[in-house]
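The values are calculated or read from the model by the stated rules, or taken from the named source; none is laboratory data. Because the structure is a prediction, the values reported are computed rather than measured. Cβ sites come from the backbone with ideal geometry, for glycine too, and all protein chains shown count toward neighbours.
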Amino acid sequence: MTNLSEMMRPMRAMTLKSLLSDSNTRNCLLLAAIPIVLSIVNSSWLYSVVGYLDPWMNVGYFLHYRDPTFGSGNYKIARLSWIIPGFISYHVFRPIVANYLLHVGYLALSVIFFYLTVARLFSQPIAFALAACLAVFVPFHASGGFDYQNTAAGTYYIMAFYLLTTALLSDRARWRMIAAGAAYAGALHATIAFVNMAPILAFHGVVLYRHIFGRLPSWRFVSTSTLWFLCGGVALTLFLGLVNVAVGRDFLFFKPLLDLVFSFVKDNKHQASWFIRPSAHWLADMAYMRYLGVGLAVLIGCIACVVLAVLRSRPNPIALSLQIQYTYIALVWIGWQVLGQTALQPDYFAYPLYPAMFFALAAIAASWQYPKNSGQNHFLSYLALAVVVTAPLAFSLGDYLSRWPQHAALIVLALALLCVGLLAANGGRLVLILAGVLSFAEMNALAAVHSAGRHYALVEPCKDLAGAYRALVDSERFLARFVRSTSDMFLWYNQSEVLRDEAGCEMPVSYFAPSLASLGLFPYLAPPWPVMPQADALPQAAISMLTSERKIAIVTADYSNVEALESRFRRAGINVGIEGQTIVRTSRVQFDLYVLGLNAWRPVSEKPGIGK
């Protein structure tokens, strides 16, 4: 019998001293320290990349959610389980602090609840090792950008999994089941693809119940538990809807997203711009292997473990359950991809696989024994594990292999397979667990070299994401002063302009400006894709957009761009002038932000929620 039976005993009230002496508490604090240490080394990885669009739209909602005209009718308002915590954080703390607390906080919660779940199902050594790996797994960070809703969705799902697990081990099953339903609803409202995870949650509950009580749950227990679970989900949805009404928005906040999803499923041609057809070299491409390599290795390991378990007389049923869950959900994602849906695209479409993948990896590590907590203090061993997973990212230990990119994908896959094999063969020995974690850490660092790895490194000469973040927020607040609605501020930029500092670090204006537009949901003076038209080539439709209430924002370090735009309007018989100007600075570059209009400068600061 596993240590599940031990967890059924009532928990004693703990004093602060006894709480700090508890091994789980110490382990959770050590796990939470991993992202904090990485942020001290280099905080760039905690910011959404400049040039992305969707994550900055969420930041716009964080800033202006209570203004019902902001983003009105946009389907992205459906992500209220992410938007409302973000809005609260941004209005309690300064934006730079709120950004840190949101991103580190959600990541730490994911890791802690993952650890607590696995520690209850298997053992602390396995739980800590895999939780430490999850804490540094780059594709789990900032999937689609750290302000993208996946950041919250993964956390809510892991919390739901933990609460469902503990509900069967507690004498307060009703409230834990209700909380599990609320957490799962939070995951759905953030990222609707988590709806595919409902069957594995139900399967996990049934298998766990049978393992604890030696029999399948009765229909009465199943129906009652399902009702409590649904009550939690409905209660959260009603609460979010009422909050939305309180700020002047729609009660059925999720309807626009549902309509969009149904249209995508009905006709996958709507996803043509994202869909990449598999080819012979698809998996060998580093861009895919860095997030699919571990998933493929774990899938192979799960299938092998399931086949071997059938041949064994006493398989570990909980481990087997988690392996079957991941095998099922991986096949579902593969099936969606085959049907033409964007299930396995880099990076955020595959994100819901990661929590299930790590639970399966823990199950592989526990497959061949019923591990128990020994009661010994393994703190030094856990500290070594934390250092092993953190160092390769912080010191860019994978850089030495980046000079051979044609072999990097195969090396990543080999290291992932080695990690799975070592964990499967650990037999409860910490030395093999440590070796498996080391293989994972090297694979993770090597894969990150070809994506976002530089943002984690101790030495990164052009790190500027924190400065760019502050510049974007400050720019948005400056522009909002000039209009009553952000839909009245039109943005134009020189597509070819690149900002550089003395060290040669650069940031294209075509990256900064679209993120600024997304942040404030400002419309463009002309469609920017494939490129924003030069001033001389602006169409007549763009010229006619300007009225006495509408303004034009220009991001540039070259004043000739402003003169060129003024000249284009004069040729159309319209005189425009500068109504406002400010200097924008990041930690690397400096440029100007101009506001052009037909009137003298009269900033609109009296409207609640605008210009504050």
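Things to note:
- Test: residue in segment 343-351 that is modelled with pLDDT of 85 or more, farther than 22 Å from Ile212 by Cα, part of a helix (DSSP H, G or I) and hydroxyl-bearing (Ser, Thr, Tyr): no
- Pairing residues of segment 300-319 that are surrounded by 13 or more Cβ atoms within 10 Å (Cβ to Cβ) with residues that are modelled with pLDDT of 90 or more and of a type in the set (Ser, Thr, Tyr), at Cβ distances under 8 Å and at least 6 apart in sequence or on separate chains, gives Cys302/Tyr326; Cys302/Thr327; Ile303/Thr327; Val306/Thr327.
- Condition check for Arg290: modelled with pLDDT under 95, out of contact with any helix residue (DSSP H, G or I) (no Cβ under 7 Å at 6 or more places or on another chain) and at negative phi: no
- Residue among Tyr115, Tyr106 that alone is under 21 Å from Ala187 (Cα atoms), in the same structural domain as Gly241 (by TED's automatic domain parsing), assigned to a helix (DSSP H, G or I) and more than 17 Å from the chain's Cα centre (by Cα): Tyr115
- Matching residues in segment 513-531 - criterion: being out of contact with any strand residue (DSSP E or B) (no Cβ under 6 Å at 6 or more places or on another chain) and either under 27 Å from Leu63 (Cα atoms) or at pLDDT 90 or above (or both): Pro514, Leu516, Ser518, Leu519, Gly520, Leu521, Ala526, Pro527, Pro528, Trp529, Val531
- Boolean, Phe522 is within 17 Å of Val50 (Cβ to Cβ) and assigned to a loop (DSSP other than H, G, I, E, B): yes
- Only one entry in Ile126, Ile158 is under 17 Å from the mean Cα position of the chain (by Cα) and among the aliphatic types (A, V, I, L, M), namely Ile158.
- Selection count where residues are surrounded by fewer than 20 Cβ atoms within 10 Å (Cβ to Cβ), modelled with pLDDT of 60 or more and not aliphatic (A, V, I, L, M), scope segment 372-395: 4
- Qualifying residue in segment 75-91 (condition: assigned to a loop (DSSP other than H, G, I, E, B) and out of contact with any helix residue (DSSP H, G or I) (no Cβ under 7 Å at 6 or more places or on another chain)): no
- Meets criteria (in the same structural domain as His189 (by TED's automatic domain parsing), part of a helix (DSSP H, G or I) and within 17 Å of the chain's Cα centre (by Cα)) for Ile96: no
- Condition met for Ile212 (at pLDDT 95 or above and surrounded by 15 or more Cβ atoms within 10 Å (Cβ to Cβ)): no
- Met532 passes every criterion in (1) surrounded by fewer than 22 Cβ atoms within 10 Å (Cβ to Cβ); (2) more than 20 Å from Gln581 (Cα to Cα) apart from (1).
- In the set Cys505, Cys462, only one residue is more than 30 Å from Leu134 (Cα to Cα) and touching a Cys at 6+ places or on another chain (Cβ under 6 Å); that residue is Cys505.
- Candidates Leu458, Leu472, Leu491 - the one that is in a loop (DSSP other than H, G, I, E, B) and either charged (D, E, K, R) or in contact (Cβ under 8 Å) with a residue 24 or more places away in the chain (or both): Leu458
- Qualifying residue in segment 553-569 (condition: within 20 Å of Phe70 (Cα to Cα) and either at pLDDT 90 or above or buried (at least 20 other Cβ atoms within 10 Å of the Cβ) (or both)): yes
- Within segment 258-270, residues that are over 18 Å from Ala190 (Cα atoms) have Cβ atoms under 7 Å from residues that are part of a helix (DSSP H, G or I) and at pLDDT 75 or above in these pairs: His270/Ser263; His270/Phe264, counting only partners at least 6 apart in sequence or on another chain.
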